[in-house]
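The values are calculated or read from the model by the stated rules, or taken from the named source; none is laboratory data. Everything numeric here is computed off the predicted structure, so don't read it as measured data. Here the Cβ is made from the backbone with ideal geometry for all residues, glycine too, and neighbour counts use every protein chain on show. Accessible surface areas use protein heavy atoms only, side chains included; no ligands, DNA or RNA. Shrake-Rupley method; radii C 1.70, N 1.55, O 1.52, S 1.80 Å.
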Amino acid sequence: MTELFREHYDEDALRAIPTLTLAHVGDSVYELLARSAVAARGGCRVEDAHRQTVALVSASAQARAAEALLPLLTPEERAAFTRGRNAKPHSMPKHCSIREYAYATGLEVLFGTLYLKGETGRVQQLWQQVLEVLA
């Protein structure tokens, strides 16, 4: 059995994973970080916690975060982001632009790639930057 939260895929394995599947993983990682950050603030009703989480994970919020992170990314991280940004999704939410959705997908692919490579320290560093931008 694979140890939970300890994935370590090499570059070849990551290239074999479909881009939108990496975004699916990254979406989960990003949402867990957002929910954890909201929980750490403490003392609010679940409805308020949900609203605060949505403010962090919406496509427009993720696009703002991605724009702020781009100058901080290594060439490999930027390549992962670009892979996601250039993906062709099958559908789009109604409450964001095509550009916002593309940047949000890029951010999710970045977080998914870093997580699957086992680079959780880097995920945490980037997440701290996201919080500074969106707080």
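Below are the figures for this structure:
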{"quantity": "Rg and Dmax of segment 95-135, Cα atoms only, in Å", "calculated": "11.6, 33"}
{"quantity": "Dipole in debye (nearest 20) - the chain, about Cα centre, beta carbon charges: Lys, Arg +1; Asp, Glu -1", "calculated": "400 debye"}
{"quantity": "Percentage relative contact order, segment 11-94, counting C-alpha pairs under 8 Å, at least six apart", "calculated": "38 percent"}
{"quantity": "Modelled FRET efficiency - R0 25 Å, residue 15 with residue 98, Cβ distances, 0.05 increments", "calculated": "0.45"}
{"quantity": "The chain - Rg and Dmax from Cα coordinates, angstrom", "calculated": "14.5, 44"}
{"quantity": "Of the DSSP H helices in the chain, those whose Cα atoms cover at least 30 Å axially and whose Kyte score averages -1.0 or more", "calculated": "19-41"}
{"quantity": "The chain, accessible surface, carbon-and-sulfur percent (1.4 angstrom probe)", "calculated": "56 percent"}
{"quantity": "Distance in nm between pseudo-label sites at residue 131 and residue 90 (7 Å out along the Cβ direction from Cα)", "calculated": "3.6 nm"}
{"quantity": "Rg(Cα)/(2.2 N^0.38 Å) for segment 1-77, N = residue count", "calculated": "1.34"}
{"quantity": "Accessible area, probe 1.4 Å, largest first, for residues 103, 30", "calculated": "103, 30"}
{"quantity": "Distance in nm between pseudo-label sites at residue 49 and residue 68 (7 Å out along the Cβ direction from Cα)", "calculated": "2.3 nm"}
